[in-house]
1. Name the residue from Asn267, Ile287, Gly30 whose Cα lies farthest towards the positive end of the charge dipole of the chain, charges +1 on Cβ of Lys and Arg and -1 on Cβ of Asp and Glu.
2. Less than 19 Å apart at the alpha-carbon level, and either on another chain or at least 8 residues along: which aspartates and glutamates does that give for Lys38?
3. With a/c under 1.5 counting as rounded, go ahead and sort the chain into rounded, prolate or oblate using the C-alpha gyration tensor (a ≥ b ≥ c being the square roots of the eigenvalues; past the cut-off, prolate if a/b is larger than b/c, else oblate).
4. Express in nm, to one decimal, how much length is gained between Arg326 and Val101 on full extension, taking 0.36 nm for each residue of separation and deducting their alpha carbon distance.
5. Give me the dipole magnitude in Debye, nearest 20, for the stretch 187-297 about the Cα centre, with unit charges on the beta carbon: positive for Lys and Arg, negative for Asp and Glu.
6. Starting from the Cα gyration tensor of the stretch 27-99, multiply each eigenvalue by 5, take the square root, and state the resulting semi-axes largest first in whole Å.
7. Starting from 0.36 nm per residue, how many nanometres of slack lie between Ser215 and Phe250 once their C-alpha separation is accounted for?
8. Hey, quick one: spin label on Ser140, modelled 7 Å out along Cα-Cβ, who in the stretch 273-316 has an amide N within reach, i.e. under 20 Å?
Amino acid sequence: MTKKKWIILGVIAAMAVSLVACVSPYLFMGAPAEGIVKVRNGSTIEIIQDSVKKSVDATFAKRVGTMMRLMRAQVENREGAFLITTGMSPFTAARRIKNGVQSGIKFTFNNVRTVDEWAQRWGDTFMEGPDAMREALKDSVLCAKYGKTPQTIACLLMPDTYEFYWNISPERMLDRMHDYYNDFWNSKRQAKAKSLGLTPDQVSTIASIVEEETSKADERGKVARLYLNRYHQGMRLQADPTVKFAVGDFSIKRITVPMTQINSPYNTYRVDGLPPGPIRLPEKSTIDAVLDAPQHDYIYMCAKSDFSGYHDFTRDYASHLDNARRYQAALNARNIK
């Protein structure tokens with residue numbers, strides 16, 4: 001081989017090495033961390049690049065932006081959340097955003113009291129924000145689509161872990177929650193509710209009271225049966241948590257007589273039957289505790305004076321008063337107002 005050919009081969013090799021050096025960061029050098037890139041309608045490549053920078057890394061973001069420009073990506077109408085995993089190349093990330101390959105967003109909610117609180121959590125997670133969801137939950141026409149009212153729409157919001165696209169609309173979200181609600185309320189559970197003389201939403205309402213009444217999962221069935229006994233005997237439920245809901249303050253430690261006189265459809269010291277809807281979003285396990293509540297004939301209960309979180313149950317009012325006096329004395333001893 002002549003010297004000239006060796007020189008040409010050397011130049012070609014040098015160019016190939018240079019090309020690989022230039023291209024490899026875009027094809028092989030992965031993202032240093034995982035991140036979710038959220039893109040709104042009307043975004044430019046520059047805006048997307050800035051979002052990648054905030055979610056992942058500045059150097060990686062610059063490379064993604066370069067790749068999108070080389071691809072001549074049309075992103076003005078691109079919308080959604082796109083997952084960038086650790087090790088993903090800039091090329092793959094750019095192509096994913098260019099092609100609109102959205103990633104699902106995990107949405108877990110437990111221990112939620114009010115619909116308003118749930119709407120805030122939803123809005124903090126998804127694109128449209130809490131106010132859009134609050135308006136949807138108050139829309140009586142939309143609620144009727146699911147056989148609910150603004151008071152019973154909470155029954156659809158069953159605590160669990162779900163996955164949705166970031167740009168899901170409030171109505172589409174409620175459509176999906178309605179599907180999950182129907183899956184839960186299968187024929188077996190509906191038959192159990194019917195045997196109790198209740199609708200599924202009434203079961204959820206009782207479950208919400210039970211969940212506020214006791215934090216002890218192993219006691220919830222027993223508490224549920226007590227309220228079922230009262231309900232079927234035509235007694236007022238006289239459930240302290242419904243008073244707290246009516247007052248708007250769940251931190252109350254002692255329910256006073258004036259509180260029990262508050263004029264509210266949720267105050268079960270004043271109204272007969274059940275309140276118009278749940279006072280919190282009950283867990284599925286609590287709903288099942290109501291459906292499977294063990295038989296007993298207790299109609300009174302009072303928190304135990306040892307503050308264990310459990311309750312004393314009784315069939316007669318005199319014994320209940322004795323339990324209540326012990327509990328009140330314990331509150332006084334601890335100076336709990």
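No lab work stands behind these numbers, since they all come straight from the coordinates. From a predicted model like this one, the values you see are computed outputs, not experimental measurements. All Cβ positions, even for glycine, are placed from backbone atoms using ideal geometry, and neighbour counts span all protein chains on display.
1. Toward the positive end, the furthest listed residue is Gly30.
2. The reachable aspartates and glutamates, counting only those whose Cα sits under 19 Å from Lys38, are Glu46, Asp50, Asp57, Glu76, Glu79, Asp124, Glu128, Glu163.
3. prolate
4. 74.7 nm
5. Dipole about the Cα centre, nearest 20: 120 debye.
6. Listed largest to smallest, the semi-axes of the stretch 27-99 are 17, 13, 10 Å.
7. Details: separation 35, 0.36 × 35 = 12.60 nm, distance 1.37 nm.
Gain in length upon complete extension: 11.2 nm.
8. 275-278
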